[in-house]
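So the structure is just underneath, and the comments pick up after that.
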Amino acid sequence: FWVASELGLKTQGRYYITSEIPLGSGLSSSAAFEMALLAAIFELNGHGFDRKELALLGRKVENEFVGVQSGIMDQMISALGKAGKLLLIDCTRIEYRYVDWPDSDASLWIIHTGITRTLAQSEFNKRREQCEAALALINARTGNGFELLAHVPEELVWDLKDELGDVLFRRARHVVTEVKRVYAFVEALERNDLKRAGELLYEAHASSRDNYETSCAELDLLVELAREAGALGGRLVGAGFGGAAVFIVPDRCEPDFVRIPDIYRKRTGRQPRIWKVYPSDGLRVDRV
């Protein structure tokens, strides 16, 4: 309503919200809510909307109203999702392209830890500040003008390891290697190499755990249980500190994989949730 009023849109009315996305789970519940509500408001005002622009408005809400220094990814996939497709986003230029999910004998699964993120907002902002500090130091020491930490070559991060110090070095290392992993993941999907794609997910989780320090014991346990059950790969999703993890699971391993929640429940005392999921269409407006 805040951003809608800034745009001069009328928001009067009674709104009913229903959702199956657990809150604070790393599954973009806030972005889904923002996109649905903004689209409804635009429709009620008799205006069409550009899906990318709608995503940018959602990010504006997060950054300027909620106070979370998030990016654009969650809003983009909520607004622009397509069935059977993944979305590769260049957050610098706000450009995107679709990537086919391979027709294979493996599926995507999500398991929720049963933990609602409590540290995510403050720690997420702290990670953003640490990345900005690392970038400023790298530019100051080298005389370069890198706009984003993601643009810094990995070897330069290693060269400045001592000057960055342990924490900033690990934050920078995570960012620059994660960018490489994203493109390597897309390449693996395009050649139908789900084994390599899965390995990259495991690598991403390890970096999130060790370098970015956004995992938790429960997420780490889920990933290890999934590995033991034969999952090709898995990693935390969203900001971490609880929430959920995503996995690529061969169909032949599903009987073992679906037993993970019971094992996890016995070890942690927490109540997990599990879903088999499919890349699907995003935002849609229906009139009833």
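The values are calculated or read from the model by the stated rules, or taken from the named source; none is laboratory data. Quick caveat, the model's predicted, so the values are computed rather than measured. All Cβ positions, even for glycine, are placed from backbone atoms using ideal geometry, and neighbour counts span all protein chains on display.
Numbers at a glance
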read-out	value
Residues that are at pLDDT 95 or above and either over 15 Å from the mean Cα position of the chain (by Cα) or in the same structural domain as S29 (by TED's automatic domain parsing) (or both), drawn from segment 82-94	K82, A83, G84, K85
Residue identified as touching a Leu at 6+ places or on another chain (Cβ under 6 Å) and small (G, A, S) among A136, A79, A140, A83	A79
Residue match in segment 9-32 (condition: in contact with a Pro (Cβ under 8 Å, 6 or more places away or on another chain), without any contact (Cβ under 8 Å) to a residue 60 or more places away in the chain and not aliphatic (A, V, I, L, M))	yes
Odd one out for A134 among (1) in the same structural domain as V258 (by TED's automatic domain parsing); (2) under 21 Å from the mean Cα position of the chain (by Cα); (3) surrounded by 19 or more Cβ atoms within 10 Å (Cβ to Cβ); (4) assigned to a helix (DSSP H, G or I)	(2)
Odd one out for S107 among (1) at pLDDT 95 or above; (2) farther than 20 Å from V246 by Cβ; (3) surrounded by 13 or more Cβ atoms within 10 Å (Cβ to Cβ)	(2)
Within segment 240-259, tally of residues that are surrounded by fewer than 22 Cβ atoms within 10 Å (Cβ to Cβ) and not in a strand (DSSP E or B)	8
Answer from E132, E147 - the residue that is of a type in the set (D, E), modelled with pLDDT of 95 or more and either more than 30 Å from K276 (Cβ to Cβ) or in contact with an Asp or Glu (Cβ under 7 Å, 6 or more places away or on another chain) (or both)	E132
Selection status of R59, basic (K, R), assigned to a helix (DSSP H, G or I) and either without any contact (Cβ under 8 Å) to a residue 60 or more places away in the chain or in contact with an Asp or Glu (Cβ under 9 Å, 6 or more places away or on another chain) (or both)	yes
Options F169, F247; residue that is closer than 25 Å to W101 by Cα and aromatic (F, W, Y)	F247
Scope segment 13-30; condition touching a strand residue (DSSP E or B) at 6+ places or on another chain (Cβ under 7 Å) and either over 15 Å from G114 (Cβ atoms) or among the small types (G, A, S) (or both); matching residues	S25, G26
Long-range neighbours under 6 Å by Cβ, at least six apart or interchain, first residue within 14 Å of H174 (Cβ to Cβ) within segment 128-139, second assigned to a helix (DSSP H, G or I) and of a type outside the set (A, V, I, L, M)	Q130/R171; C131/R171; A134/R171
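Yes/no per residue for (1) at pLDDT 90 or above; (2) more than 19 Å from V237 (Cα to Cα); (3) of a type in the set (S, T, N, Q):
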| residue | (1), (2), (3) |
| --- | --- |
| L7 | no, yes, no |
| K10 | no, yes, no |
| R14 | no, yes, no |
| S30 | no, no, yes |
| L38 | yes, yes, no |
| G48 | no, yes, no |
| E64 | no, yes, no |
| G67 | no, yes, no |
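Rundown of residues vs (1) crowded, with 19+ Cβ neighbours inside 10 Å; (2) of a type in the set (V, I, T), yes/no style:
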| site | (1), (2) |
| --- | --- |
| L168 | yes, no |
| V182 | no, yes |
| H205 | yes, no |
| D210 | no, no |
| A231 | yes, no |
| G234 | yes, no |
